[in-house]
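Presented below is the structure to which this report refers.
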Amino acid sequence: MQLTAEQLESLETPCMVIDVAQAERNVLAMQAQADALGCALRPHIKTHKMPFFAKMQVEAGAEGITCAKVSEAEVMADGGLEDIFIAYPMVGAFRIRRAIALSRRVRRLILAVDSMEGAAALNEAAQAAGTRLEVRLEVDTGARRTGAPREEAAKLAKAISGLANLDLTGIYTFKSLVF
């Protein structure tokens, strides 16, 4: 919908006005680039945080979406998104309980792990809830932000793979520069 001059003049500032057609062109261009490279795209919703745009991304061909925390993922699930990766490890039993509840509401929920302690807590909670959780191991590739040190990643991945209620399906990293 185009805003009329009168509507634009009546807006209280500051406010956000989004050109949805331009946003859709951007989404389609990004998806086309990922497709051309043979990559599955799982965009992070941290910029828009809106199910409307997340659905647009999935409808354009994204495999799923990425969220930072369980509360964002719950909003996306409430908005109809069914394939969600939460890219930060669950810290605290209350977050783990919420993630397990969320895993029962969506087709696919992937959780992050970056330590054996975190993986063990997820495994224990999943066992108590009678479920299995899909996890990805974050590897620190030099940002020193989060993630398991890369020299320990293979050993940690093997240990996590041995946990009965977790399915380790991959690794991920936060882009960094190593000097």
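Taking the Cα centre of the chain as origin, sum charge times position over the Cβ atoms of Lys and Arg (+1) and Asp and Glu (-1), and report the length of that vector in debye to the nearest 20.
Here the chain has a charge dipole of around 640 debye.
Which aspartates and glutamates does Lys55 reach when only Cα atoms under 18 Å apart count, and residues fewer than 8 places away in its own chain are ignored?
Cα-Cα hits under 18 Å: Asp19, Glu24, Asp35, Glu63, Glu72, Glu74, Asp78, Glu82, Asp83.
For helix 150-161, what angle does its Cα long axis make with the longest principal axis of the chain, in degrees from 0 to 90 and rounded to 10?
80 degrees
Hey, which of these cross-link pairs are over 25 Å Cα-Cα: Lys49/Lys158; Lys69/Lys175; Lys49/Lys175; Lys155/Lys175? Show your work: numbers first, answer last.
Working: Lys49/Lys158 34 Å; Lys69/Lys175 19 Å; Lys49/Lys175 21 Å; Lys155/Lys175 22 Å.
The pairs that break the limit, which is 25 Å between Cα atoms, are Lys49/Lys158.
Helix-only mean residue ellipticity at 222 nm, the chain, DSSP H runs n ≥ 4 weighted -39,500 (n - 2.57), per residue, nearest 500. What is it? Show your work: numbers first, answer last.
Details: 7 runs with 78 residues, N = 179.
Helix-only estimate at 222 nm: -13000 deg cm²/dmol.
Relative contact order for the chain: what percent, with Cα pairs under 8 Å and sequence separation of 6 or more?
The normalised contact order for the chain reaches 14 percent.
State the Cα centre-to-centre distance between region 65-99 and region 142-176 in whole Å.
Distance between centres, Cα-based: 19 Å.
Pick the calculated Cα Rg over 2.2 N^0.38 Å for this structure from (1) 1.04; (2) 1.00; (3) 1.19?
(3)
Please state the Cα pair-distance histogram of region 1-82 with 10 angstrom bins from zero: what percent is in each bin?
16, 40, 29, 13, 1
Taken together, the values in this text are just the output of simple stated rules run on the coordinates, not laboratory data. Keep in mind it's a predicted model, so treat the numbers as computed, not measured. Heads up, the Cβs are rebuilt from the backbone with ideal geometry, glycines too, and the neighbour counts pull from every protein chain shown.
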